[in-house]
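**Q** Sharing a structure here in structure tokens format.
Coordinate-derived values only; no laboratory data. Computed from a prediction, not measured in an experiment: that's the story for all the values here. Cβ coordinates were reconstructed from backbone atoms using ideal geometry, including for glycine residues, and neighbour counts include every protein chain displayed.
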Amino acid sequence: PGRGKRLRVSQLFQPLNLQAGGEAGWDGRAGEPACRSQKLMVQGGLIHPASPGCYHYLPPAVRAMEKLVRVMDEEMQGIGGQKLNMPSLSSAELWRASGRWDEMGPELFRLADRHGKGYCLGPTHEEAVTELVAAHSNLSYRQLPLRLYQVTRKFRDEPKPRFGLLRSREFYMKDMYTFDASEEAARQTYDLVCDAYRSLFDRLGLPFVKVRAATGSIGGTVSHEFQLPADIGEDRLVLCPDGHFAANVETLSREQTSCPTCGEKLTQSRGIEVGHTFCLGTKYSSVSNAVFYSSENKLQLAEMGCYGLGVTRILAASIEVLSTEDSIRWPSLIAPYQLCFIPPKRGSKEEEEGGALLERLYHHLADALPHLASDSVLDDRTQMTIGKRLKDASKLGYPYVVVAGKRVREDPPVFEIWNQNAGEVLFLTKEGVIELLSKVQVP
């Protein structure tokens, strides 16, 4: 089934600028700081700047993003999440009712339709989802908890968009909104979603820290951020060296320098926020009158929570923390392609034999592991040396690269396998290659 989907590097729409030296080849404006993920993603043909804070996501980036969303779907649906989709255009009336039309200030992209009716491009969807649930006026406690989520484009009029997808004006986010029958049930939901976030970052192999956070313009009583420690991060964090306490600096009083649990001196670090969770109470349900019938058949306000994961920010942040200065390293689960085949150079002694053996290996793979066959590319630029194509493959971060080099002429033929994330090279027969790759997961 995977045979018809063979992808060739020469046909991919992935405008590479891998040779870019210094500041060339990415979208930095004069005097603006750049970061590793921004440079690597532009040079590797993953994103292309459209306007300040807005990017074209090119096919490999879209593949990585779709895989990431599939992993998020598994985690969210594993805790009873139901996926929906809400409009990007949100009525100004809703935002005025909640008080956030004025509170959000210039961060909201505002517009009016031809009838003079006001809207904003949604940076988040608390008002919209609460209005949606409130419209179902016969909701029963038996239908709770409700855990509704979406993955959509969001918009924020950032005053200084920078660092590529880490701080942009248009971005993708997974946002979940929960409705519970009591404060206690809402806290149980809160813990459940936080555990699902932990599971997600563990599956991606990303080093994260959950920190106490301010509730900001979203509001509520309890809030935490999921942060990836990184020097480029815009958030300042304080951590107990023994793991008892972690917080965003903005939540602390100036005097607090030691852990409230063990008294150890708190250490400072920087982080990239990739997830945010909030216990909202009835802040929004009271405005829209989102109620349900309790077991005593009385109307009660739903207790709410909201939970965000930055889809495009996780993509960029994972490249930021896992990559080297000049080579992308992906969380292997979400790499755009798991596998790159490199045939011999045109005109070499191995050309005919190596090319045929690699083709046979691919078909063997398509039969044994069909999910991997459609996750493979063939670097058919055979006018280039194997070394040059290997260098490109390393920069683009394919988790596995299979090379038909000099040893394919041995009996039995031996392939060179580069396991990029482990930093090792293996020499394996066709059967050994299949066995190694059978352990590779694709969401």
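**Q** Please give the calculated 222 nm ellipticity per residue for the chain, where each DSSP H segment of at least 4 residues contributes -39500 (n - 2.57) and the sum is spread over every residue; nearest 500 deg cm²/dmol? Intermediate results must be reported in sequence, preceding the final value.
**A** On the way: 12 runs with 127 residues, N = 443.
Result for the chain, helices only: -8500 deg cm²/dmol.
**Q** Another question about this same structure. Of the trypsin sites (Lys or Arg not before Pro) in the range 318-403, which ones lie in a loop per DSSP and count no more than 14 other C-beta atoms within 10 Å? Provide the component values of the computation, followed by the final result.
**A** Working: sites: Arg329, Lys345, Arg346, Lys349, Arg360, Arg381, Lys388, Arg389, Lys391, Lys395; in loops: Arg329, Lys345, Arg346, Lys349, Arg381.
Sparse-neighbourhood loop trypsin sites (Lys or Arg not before Pro): Arg346, Lys349.
**Q** Shifting gears a bit: Could you tell me which label, among (i) 45, 24, 23; (ii) 90, 38, 17; (iii) 42, 25, 19, carries the value of semi-axes √(5λ) of the Cα gyration tensor in Å calculated for this structure?
**A** (i)
**Q** Between the range 109-185 and the range 269-313, what is the separation of their alpha carbon centroids in Å?
**A** 11 Å
**Q** Another question, then. Could you run the Karplus curve 6.51 cos²θ - 1.76 cosθ + 1.60 with θ = phi - 60° over the range 143-158 and give me ³J(HN,Hα) per residue in whole Hz, x for Gly and Pro?
**A** Those phi angles translate into 8, 9, x, 9, 10, 10, 9, 9, 10, 9, 6, 10, 9, 9, 7, 4 Hz.
**Q** Using 0.36 nm per residue of separation minus the Cα-Cα distance, give me the extension gain between Asn138 and Arg254 in nm, one decimal. Spell out each step's value before the answer.
**A** On the way: separation 116, 0.36 × 116 = 41.76 nm, distance 4.88 nm.
Going from the current span to full extension adds 36.9 nm.
**Q** Separation of the range 326-384 and the range 27-101 by C-alpha centroid, Å?
**A** 30 Å
**Q** Which residues does a label at Asp326 reach in the range 394-432, if reach means a backbone N under 19 Å from a point 7 Å past the Cα toward the Cβ?
**A** Once the point is set 7 Å along Cα→Cβ of Asp326, 394-398, 420-421, 423-424 turn out to lie under 19 Å by backbone N, inside the range 394-432.
**Q** Quick one: Karplus J couplings for the range 218-233, per residue in order, coefficients 6.51, -1.76, 1.60, θ = phi - 60°, nearest Hz, x for Gly and Pro?
**A** 7, x, x, 9, 10, 8, 9, 10, 9, 10, 9, x, 7, 4, 7, x
**Q** What is the gain in length, in nm to one decimal, between Thr215 and Glu107 on full extension, counting 0.36 nm per residue of separation less the C-alpha to C-alpha distance? Numbers along the way, then the final one.
**A** Working: separation 108, 0.36 × 108 = 38.88 nm, distance 1.66 nm.
Going from the current span to full extension adds 37.2 nm.
**Q** Only Cα pairs under 8 Å and at least 6 apart count here; give the relative contact order of the chain as a rounded whole percent. Write out the running numbers ahead of the final one.
**A** Working: 883 pairs, mean separation 75.1, N = 443.
Once normalised by length, the contact order is 17 percent.
**Q** A follow-up question, please. Beyond 22 Å between alpha-carbons counts as too far, so tell me which of Lys83/Lys210; Lys67/Lys174; Lys39/Lys395; Lys39/Lys174; Lys160/Lys210; Lys174/Lys210 fall in that bin. Before the final figure, lay out the partial values.
**A** Working: Lys83/Lys210 25 Å; Lys67/Lys174 13 Å; Lys39/Lys395 12 Å; Lys39/Lys174 25 Å; Lys160/Lys210 26 Å; Lys174/Lys210 18 Å.
Over 22 Å Cα-Cα: Lys83/Lys210; Lys39/Lys174; Lys160/Lys210.
**Q** To continue, here is another question. Using the membrane-span-like helix rule (whole DSSP H runs, Cα extent along the own axis of at least 27 Å, mean Kyte-Doolittle hydropathy at least -0.5), which helices of the chain qualify? Walk me through the numbers on the way to the answer.
**A** Numbers: long enough: 59-78 (28 Å, -0.41); 183-204 (32 Å, -0.56).
Helices meeting the span and hydropathy rule in the chain are 59-78.
**Q** Show me, for the range 14-19, the HN-Hα J-couplings you get by feeding each phi into the Karplus relation (A = 6.51, B = -1.76, C = 1.60, θ = phi - 60°), rounded to Hz, glycine and proline as x.
**A** 8, x, 7, 9, 5, 8
**Q** Another one. Which order do the peptides 366-377, 255-266 come out in when sorted by mean C-beta neighbours inside 10 angstrom, highest first?
**A** Working: 366-377: 18.5, 255-266: 12.5.
Answer by packing, highest mean first, reads 366-377, 255-266.
**Q** Run the quick spin-label model on Arg96 and Arg270: label points 7 Å from Cα toward the beta carbon, then report their separation in nm to one decimal.
**A** 4.2 nm
**Q** Which loop-located GluC sites (Glu not before Pro) does the range 368-443 contain, where loop means any DSSP state but H, G, I, E or B and the Cβ has at most 14 other Cβ atoms within 10 Å?
**A** Details: sites: Glu410, Glu416, Glu424, Glu431, Glu435; in loops: Glu410.
Here the GluC sites (Glu not before Pro) that fit, given the DSSP loop and packing criteria, are Glu410.
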